[in-house]
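This report refers to the structure that appears directly beneath it.
The values are calculated or read from the model by the stated rules, or taken from the named source; none is laboratory data. Remember, predicted model here, so these are calculated numbers, not experimental data. Please note: Cβ atoms are built from the backbone with ideal geometry, for glycine as well, and neighbour counts cover all protein chains shown.
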């Protein structure tokens with residue numbers, strides 16, 4: 001199990017606040033073990049991208065510490081940070097927006113290597129050519145500009161740039177979300193090959209649970225700035241513990257392997273995400289939760305370990321059916337609607 | 001040119017064979033003029049839509065799925081767009097219809113829901129007023145009555161406290177609520193056809209689930225025929241009765257959702273399904289992929305445009321295959337591939353990895 005290994009990166013009490021009032025990331029404790037791919041999932045506004053950027057100190061934290069390979073990087077100076085960045089890189093969602101259109105892709109890939117490792121221009125360009133081959137492009141393309149490439153090729157260039165300084169840790173923020181399905185699969189495989197072969201540690205930020213299932217070794221679910229569940233990939237997809245995770249997974253429109261496969265009952269959450277500037281008291285999910293009781297309105301649940309390596313921030317997780325039954329007695333109404341997913345075999349009316 | 005009208009009007013299954021399509025598209029071509037020549041976006045599409053069905057048009061970027069559906073309602077007309085072919089709807093030929101004729105159809109008989117509700121709604125007008133305007137545009141009712149109908153409609157699409165929220169402006173709504181409001185405007189005049197272009201793509205998955213359920217229940221209640229344009233095969237599985245798969249401006253496969261998603265024939269459909277990472281099923285060490293990327297309009301090859309990426313390419317593929325049924329039973333499941341035409345069995349490996 002990943003959690004038994006010493007973490008390569010750990011965050012403790014990490015918070016990011018915008019404009020003094022909106023807490024985008026709220027007191028996150030997180031450990032990422034060497035060699036694992038931890039997926040951060042959640043919906044827009046949950047704070048997953050902000051957390052990913054804060055782990056690399058691309059976003060200033062308002063509280064908490066980040067330790068990377070035994071060093072507290074949350075207090076590093078600019079110079080110290082530049083050195084640390086050689087080991088910590090980022091892959092962005094929009095390759096076009098993150099690649100300088102006026103420079104050759106060789107120069108773009110070589111840049112971080114020169115900045116962080118002080119390598120000469122000639123050596124950095126040589127390494128850039130190697131990396132182009134490594135990500136499935138051709139070294140002869142090094143002189144071309146970003147606009148000459150397709151979306152999938154640009155994302156390969158973004159990955160090559162992130163790999164240039166031979167980092168140990170990568171944060172990839174929705175790296176395949178802008179790509180068509182047929183191209184997305186190629187980039188997912190590339191990321192998988194690279195993490196395995198280079199023993200890379202990755203935080204993979206995505207809203208797409210299908211992609212996460214094929215990339216991640218562990219999954220952390222965020223809701224309104226907090227982590228509400230952490231589980232090994234297989235445990236998570238076999239049955240999430242937190243009511244929000246359950247709703248999130250059940251909401252994915254299922255493309256089944258064959259028509260006879262049983263699709264899990266869809267839990268349709270009522271209502272909208274509360275205003276992040278004024279999150280609900282107690283459990284932040286209580287306004288939309290099917291199992292919320294008076295306890296959930298007043299007492300904030302802690303992120304607690306319920307089985308080894310499995311953490312959940314809920315008073316009534318799925319593995320506690322008795323607790324949920326008791327909670328059901330307290331409720332007057334059922335705030336969720338259960339909708340059976342219609343069969344694709346339904347006839348044309 | 002794919003199938004003849006006689007052939008393709010046989011529809012999806014036995015039940016629709018006897019019925020007339022309500023919308024019938026033949027040899028639709030859409031091209032965009034650019035400095036470097038005409039880029040063909042839609043390259044000869046034949047399509048029939050039947051009353052009350054949900055037809056999904058699925059494809060990747062550049063497949064022509066949006067250009068095809070928008071040209072049906074004249075929403076991409078302009079000096080740089082060349083549109084030819086026919087689309088018959090209630091005695092009107094939509095492609096050659098005047099803008100005035102189209103205005104009497106659009107919003108009344110054929111309504112459209114877009115991906116980006118914020119861009120589609122007028123930011124300066126209250127939500128209720130925008131729904132009421134659509135009603136008074138096509139129905140002879142008083143302003144007061146239209147407003148009441150608008151409030152009713154907003155309630156029907158699941159906006160809580162509709163009388164209060166009718167007074168809100170679009171920016172005061174969340175993405176999901178805006179999508180509901182746009183659906184209310186689209187359904188205000190009880191249209192025969194609703195064209196929904198990526199209606200849930202910009203939404204989070206839990207909100208998408210709400211909107212898909214809304215579309216399904218409204219469609220069932222009102223009997224509206226829905227054309228849903230999407231890149232998401234999960235959405236197709238969830239909502240569609242029939243599916244047309246587009247690749248590079250052409251329909252390469254069409255049939256019932258069950259036929260296309262669970263017994264796909266065309267190598268592109270098979271590849272697309274196999275490379276979609278699902279939340280169920282086995283997890284392969286590496287996902288099956290389709291090599292390369294979809295061709296840009298200008299660089300479309302002659303013959304089958306999927307041939308450069310296809311694992312089963314034959315000499316015949318230099319000639320464009322026609323969209324036709326390759327089933328002895330002629331179940332309405334059609335694909336445009338030489339493998340079917342020459343009755344060459346396709347190895348099933350791409351499916352077994354799912």
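Among helices (runs of 4 or more DSSP H) entirely within region B:134-247, having at least 2 residues that are more than 17 Å from the chain's Cα centre (by Cα) and within 14 Å of another protein chain (Cβ to nearest Cβ) singles out B:175-187, B:205-222. The single condition among (1) buried (at least 21 other Cβ atoms within 10 Å of the Cβ); (2) in contact with a helix residue (DSSP H, G or I) (Cβ under 8 Å, 6 or more places away or on another chain) that residue B:259 does not satisfy is (2). Residues that are closer than 17 Å to residue A:270 by Cβ, surrounded by 15 or more Cβ atoms within 10 Å (Cβ to Cβ) and out of contact with any helix residue (DSSP H, G or I) (no Cβ under 9 Å at 6 or more places or on another chain) within region A:285-309 comprise just one, A:287.
Does region B:281-307 hold any residues that are within 13 Å of chain A (Cβ to nearest Cβ), more than 18 Å from residue A:189 (Cα to Cα) and surrounded by fewer than 19 Cβ atoms within 10 Å (Cβ to Cβ), and which are they? Full working, then the answer.
Here is the first cut: in region B:281-307, the residues within 13 Å of chain A (Cβ to nearest Cβ) are B:281-296, B:299, B:306.
Keeping just the survivors that are more than 18 Å from residue A:189 (Cα to Cα) gives B:294-296, B:299, B:306.
Hits for region B:281-307 are B:295, B:296, B:299.
Please work out if residue A:27 is within 21 Å of residue A:199 (Cα to Cα), surrounded by fewer than 17 Cβ atoms within 10 Å (Cβ to Cβ) and out of contact with any helix residue (DSSP H, G or I) (no Cβ under 7 Å at 6 or more places or on another chain). So residue A:27 does not fit the description; no. Filtered by the rule that a residue be over 28 Å from the mean Cα position of the chain (by Cα), over 27 Å from residue A:78 (Cα atoms) and surrounded by fewer than 18 Cβ atoms within 10 Å (Cβ to Cβ), region A:106-140 gives A:126, A:130, A:138, A:139, A:140.
The listed residues are B:52, B:62, and the only one of them that is in a loop (DSSP other than H, G, I, E, B) and out of contact with any strand residue (DSSP E or B) (no Cβ under 6 Å at 6 or more places or on another chain) turns out to be B:62.
If you take the residues of region B:83-102 that are under 25 Å from residue B:120 (Cα atoms) and within 20 Å of the chain's Cα centre (by Cα), which of them is modelled with the lowest pLDDT? Checking each candidate, the answer is B:102.
Among the residues of region A:221-230, are any under 17 Å from the mean Cα position of the chain (by Cα) and within 14 Å of residue B:283 (Cβ to Cβ)? Don't jump to the end; show me each part of the working.
Keep residues of region A:221-230 that are under 17 Å from the mean Cα position of the chain (by Cα), which gives A:221-230.
Then drop every residue that is not within 14 Å of residue B:283 (Cβ to Cβ), which leaves none.
Taking every residue of region A:221-230 in turn, none turns out to be under 17 Å from the mean Cα position of the chain (by Cα) and within 14 Å of residue B:283 (Cβ to Cβ).
Scanning region B:81-110 for residues that are exposed (fewer than 15 other Cβ atoms within 10 Å of the Cβ) and on the phi > 0 side of the Ramachandran plot yields B:90, B:91.
Please work out if residue A:68 is touching a residue at least 12 places away in the same chain (Cβ under 8 Å) and in contact with a helix residue (DSSP H, G or I) (Cβ under 6 Å, 6 or more places away or on another chain).
Values: touching a residue at least 12 places away in the same chain (Cβ under 8 Å): yes; in contact with a helix residue (DSSP H, G or I) (Cβ under 6 Å, 6 or more places away or on another chain): no.
Spelling it out, it is not the case that residue A:68 is touching a residue at least 12 places away in the same chain (Cβ under 8 Å) and in contact with a helix residue (DSSP H, G or I) (Cβ under 6 Å, 6 or more places away or on another chain).
Out of the residues in region A:272-284 meeting the condition of being surrounded by 13 or more Cβ atoms within 10 Å (Cβ to Cβ) and either within 13 Å of chain B (Cβ to nearest Cβ) or part of a strand (DSSP E or B) (or both), tell me which one is modelled with the highest pLDDT. Full working, then the answer.
Initially, region A:272-284 is screened for residues surrounded by 13 or more Cβ atoms within 10 Å (Cβ to Cβ), giving A:272-274, A:276, A:279-280, A:282-284.
Restricting the remaining residues to those that are either within 13 Å of chain B (Cβ to nearest Cβ) or part of a strand (DSSP E or B) (or both) gives A:272-274, A:276.
Numbers: A:272: 77, A:273: 82, A:274: 87, A:276: 83.
This residue is A:274.
Per-residue answers, yes or no, for (1) in a loop (DSSP other than H, G, I, E, B); (2) without any contact (Cβ under 8 Å) to a residue 24 or more places away in the chain:
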| residue | (1), (2) |
| --- | --- |
| A:60 | yes, no |
| A:103 | yes, no |
| A:107 | no, yes |
| A:110 | no, no |
| A:125 | no, yes |
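Every condition in (1) free of Cβ contacts under 8 Å to residues at least 24 places away in the same chain; (2) closer than 17 Å to residue A:54 by Cβ; (3) surrounded by 13 or more Cβ atoms within 10 Å (Cβ to Cβ) is met by residue A:78 except one, and the failing one is (3).
Evaluate region A:48-57: report whether one residue or more is farther than 24 Å from residue A:19 by Cβ and either buried (at least 17 other Cβ atoms within 10 Å of the Cβ) or not assigned by TED's automatic domain parsing to the domain that holds residue A:141 (or both).
To start, the set of residues in region A:48-57 that are farther than 24 Å from residue A:19 by Cβ comprises none.
Checking region A:48-57: not a single residue is farther than 24 Å from residue A:19 by Cβ and either buried (at least 17 other Cβ atoms within 10 Å of the Cβ) or not assigned by TED's automatic domain parsing to the domain that holds residue A:141 (or both).
Counted as qualifying within region A:289-349 are the strands (runs of 3 or more DSSP E) with 3 or more residues that are at pLDDT 90 or above, namely A:304-307, A:310-312. The set of residues in region B:315-325 that are buried (at least 16 other Cβ atoms within 10 Å of the Cβ), over 22 Å from the mean Cα position of the chain (by Cα) and assigned to a loop (DSSP other than H, G, I, E, B) comprises B:320, B:321.
With respect to the conditions (1) within 13 Å of another protein chain (Cβ to nearest Cβ); (2) in a loop (DSSP other than H, G, I, E, B); (3) touching a residue at least 60 places away in the same chain (Cβ under 8 Å), residue B:270 falls short on a single one, namely (2). Within region A:141-158, restricting attention to residues that are in a loop (DSSP other than H, G, I, E, B) and within 14 Å of another protein chain (Cβ to nearest Cβ), which residue is surrounded by the most Cβ atoms within 10 Å (Cβ to Cβ)? Checking each candidate, the answer is A:149. Among B:24, B:69, which is assigned to a helix (DSSP H, G or I) and either closer than 24 Å to residue B:223 by Cβ or within 14 Å of another protein chain (Cβ to nearest Cβ) (or both)? Of B:24, B:69, the one residue that is assigned to a helix (DSSP H, G or I) and either closer than 24 Å to residue B:223 by Cβ or within 14 Å of another protein chain (Cβ to nearest Cβ) (or both) is B:69. Quick check on my filter: what residues within region A:185-217 are crowded, with 21+ Cβ neighbours inside 10 Å and away from chain B (no Cβ under 12 Å)? Within region A:185-217, A:200, A:201, A:202, A:203, A:204, A:205 meet the criteria.
I'd like the residue in region B:65-80 that is in contact with a strand residue (DSSP E or B) (Cβ under 6 Å, 6 or more places away or on another chain) and farther than 22 Å from residue B:238 by Cα and, out of all such residues, is surrounded by the most Cβ atoms within 10 Å (Cβ to Cβ). Spell out how you get there, then give the answer.
As a first pass, look at region B:65-80 and keep what is in contact with a strand residue (DSSP E or B) (Cβ under 6 Å, 6 or more places away or on another chain): B:65-69, B:71-73, B:80.
Subsequent filtering for residues that are farther than 22 Å from residue B:238 by Cα retains B:67-68, B:71-73, B:80.
Numbers: B:67: 24, B:68: 29, B:71: 26, B:72: 26, B:73: 22, B:80: 12.
Going through the qualifying residues, I end up with B:68.
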